[in-house]
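Throughout, read-outs are computed from the coordinates displayed, never taken from laboratory work. This structure is a prediction, so every number in the text was calculated from the model and none was measured. Virtual Cβ from ideal backbone geometry, glycine too; neighbours counted across all protein chains shown.
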Amino acid sequence: EKVFHSRDHADVDMTLHHHADLVVDKDTAWQFLSKYGFLKSDKWDEQNLPEEAEFLSDESPDVKDTVPLIHEGTSSSRRGSESDNPTESSNFISALKEFQMMSGLPVTGVFDDATKAAMNKPRCGVSDRGSPTGPTSTQNPTLWSPNANRSR
Amino acid sequence: KKRHLAMLLSKSRPRRSTGDELGLMAFSKKVLTWRLIGEGYSSQLSIDDQKYIFKLAFRMWSEVSPLEFAEDTHSPLEEIDIKLGFGTGRHLGCAQTFDGAGQEFAHAWFLGDIHFDDDEHFTGLNAGTGISLLKVAVHEIGHVLGLPHIYRPGSIMQPSYLPQDSSFELDWLDRKAIQQLYGGCKGRFSTVFDWIRRERTAYGEIVIRFNTYFMRDGWYWLYENRSNRTRYGDPVAVRVGWHGIPASGVDAYVHVWTWTLDAVYFFKGTRYWRYDSENDQAYAEDSEGRKYPRLISEGFPGVPSPIDTAFFDRRNSHIYFFKGMNVYSFDVVTNAVASGFPQRISEVFPAVKRGDHPGGYLDASYFSYTHNAVFLLKGVHFWRLVSSRDRWLHPSLPRNGVLPGQQVDQQWFDICNVHDSALKM
């Protein structure tokens, strides 16, 4: 039993829990996008991670990010080749843009703070591949009315 | 132990039959069983709380779809349709490891099981902090039933967890999404009516309000016309909401409302009850001391029993009693059946479109204040009667004509049964 003293367990000590690795850089962002279906990869933890230079955003072509590759928990991952791989970078940016669009973020293709925060939100583990981005109903939209009273 | 773990893996389960008439995958049966597995209890909530929350989550999907869910704690594990469990890291023989507190809080397998990350701070009902187990469970059950993630504000199928309001419900589009897979809710009704009541405002003014009710067997729904859905949490047992009338199988509801009369009646079998709308219960006896229920033959001489249904027509102060293929017009002023009755329903209420008519043996007849029209219900269809306004716009329409039939679930939405075991929540 996790230690608590309040009746509603609100004071359960969460510091003893194992915490999920946060999405902090473009490598972990790549893993996130692969895991949830934005990048076409079935085995995201074995993804061939591109070199640092290939994560240049469209906004700053002259600046190279120095992104340390994180390998914790991904012992089977391989470093990418030293040659440029524009296809993978392009794929990453496309995937990032798709995620930004579906999350209601500015679609920039830049791994910014808002995108990072969205990736670190609690979420369902099911892949988003094939998820619709808008209303799924085929009904007449005029029939829908907001539910003013939600009290059960 | 290995065999037990193998049973928990979805791949080892026998392949279920699935309906694919629309090219979509879904369960093909309407009653699904579920179980919170013993190896997968959460360490954060009592077992009873966990089960109650899951029972409520399943019920919420029942209220908007033709599916019913029943907790099954006895059948062999491999026969359970949906198994739920909590775990951390590598858990329950699952191929997908949980990541600890934060980020992924649960996952579900299409037509399969649901796992919750017990490193998350799941909380029960009415808890202010933490992650609502109810909301997560409703979301994951949606996956099991065949729904993908939906990036629409307000959808329960959004992938990210949003702190919920004090309460959350399945909105119109989420309902339609699940109904695309499983269809809408259809079924016959015992009776349908608008119940009028008087209320006093804070300023002492008397106002008249109405609510619409659908009854089926021993259960009823309040239908919110402005929201195009039933009240959240319905159906409710008749005996809970309507005191003193039969607990099930009501045949008809009639509100006699004239300048001098204001009386509400419920009919079942050969008897009827008068309802006290102010005190929200049936009268024990009438003004002459005769106890309720009374025989229909005594209170409404000339009217047979049992009846199929009835409604009061304020235009001529007659109650129309329907039985079989016939209708009886009862004058509440003279307290007698009008001359020339009974007549065939099809003669008193002729079809506007030849051949499109319920005929007889109606389930319910209902005057709607929302639509200002009378409806005849039979099976899963309804027919609207020609109104005065219809005749003013189209004088060629016959008086009391019956307009072409439509589907009940396309007029009154999401009046869905839930499993018996969930009815008493």
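Summary of values
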{"quantity": "Principal-axis tilt of helix B:133-145 within chain B, Cα atoms, nearest 10 degrees", "calculated": "90"}
{"quantity": "Lone cysteines, chain B (no partner Cβ under 4.7 Å)", "calculated": "B:Cys94"}
{"quantity": "Between the range B:387-425 and the range B:73-87, the alpha-carbon center distance in angstrom", "calculated": "41"}
{"quantity": "Rg over Rh, two decimals, the range B:303-359 (C-alpha only, Kirkwood Rh)", "calculated": "0.98"}
{"quantity": "Potential lengthening between B:Arg198 and B:Glu298 on full extension [0.36 nm per residue; Cα-Cα distance subtracted]", "calculated": "33.1 nm"}
{"quantity": "Qualifying chymotrypsin sites (Phe, Trp or Tyr not before Pro) in the range B:58-147, DSSP loop, other Cβ atoms within 10 Å at most 12", "calculated": "none"}
{"quantity": "Within chain B, longest stretch free of exposed GluC sites (Glu not before Pro) [DSSP loop, at most 16 other beta carbons within 10 Å]", "calculated": "B:22-204"}
{"quantity": "Footprinting exposure proxy for B:Val138, B:Val348 (fewest neighbouring C-beta atoms within 10 Å first)", "calculated": "B:Val348, B:Val138"}
{"quantity": "Inter-chain shielding of B:115-125 (mean C-beta neighbours from other protein chains, 10 Å cut-off)", "calculated": "3"}
{"quantity": "Cα gyration tensor of chain B - equivalent ellipsoid semi-axes, whole Å, descending", "calculated": "49, 23, 20"}
{"quantity": "Residue-span extension gain [B:Asp49 to B:Glu78] - 0.36 nm each, minus C-alpha spacing", "calculated": "8.0 nm"}
{"quantity": "Whole-number D in µm² s⁻¹ for the range B:110-189, Kirkwood Cα-pair radius fed into Stokes-Einstein, 10 °C, 1.306 mPa s", "calculated": "114"}
{"quantity": "Computed label-point distance, nm, for sites B:Arg239 and B:Asn316 using a 7 Å Cα→Cβ extension", "calculated": "4.1"}
{"quantity": "Cβ-defined net charge surrounding B:Pro398, 14 Å radius [Lys, Arg +1; Asp, Glu -1]", "calculated": "+2"}
{"quantity": "Filtered trypsin sites (Lys or Arg not before Pro), the range B:168-268: DSSP coil and at most 15 other beta carbons within 10 Å", "calculated": "B:Lys186, B:Arg188, B:Arg226"}
{"quantity": "Shielding of B:398-411 by partner chains, average beta-carbon count, 10 Å", "calculated": "0"}
{"quantity": "For residues of B:42-49, the mean tally of beta carbons on other chains within 10 Å", "calculated": "2"}
{"quantity": "Dimensionless Rg/Rh of the range B:307-425 - Kirkwood Rh, Rg from C-alpha atoms", "calculated": "1.02"}
{"quantity": "Neighbour net charge for B:Pro350 - beta-carbon separation under 14 angstrom, K R +1, D E -1", "calculated": "+3"}
{"quantity": "Cα convex hull of the range B:18-177, projected area averaged across orientations, nm²", "calculated": "9.3"}
{"quantity": "Local electrostatic count at B:Ala247 - Lys and Arg +1, Asp and Glu -1, tallied over other residues with Cβ under 15 Å", "calculated": "+2"}
{"quantity": "In the range B:183-275, the chymotrypsin sites (Phe, Trp or Tyr not before Pro) that fall in loop regions by DSSP, at most 13 other Cβ within 10 Å", "calculated": "B:Tyr203, B:Trp259"}
{"quantity": "HN-Hα J in Hz across the range B:79-84 - Karplus 6.51, -1.76, 1.60, θ = phi - 60°, x for Gly and Pro", "calculated": "8, 7, 6, 10, 10, 10"}
{"quantity": "Where the Cα pairs of the range B:174-318 fall when distances are cut into 5 Å bins, in %", "calculated": "2, 8, 15, 20, 20, 15, 9, 6, 3, 2, 0, 0"}
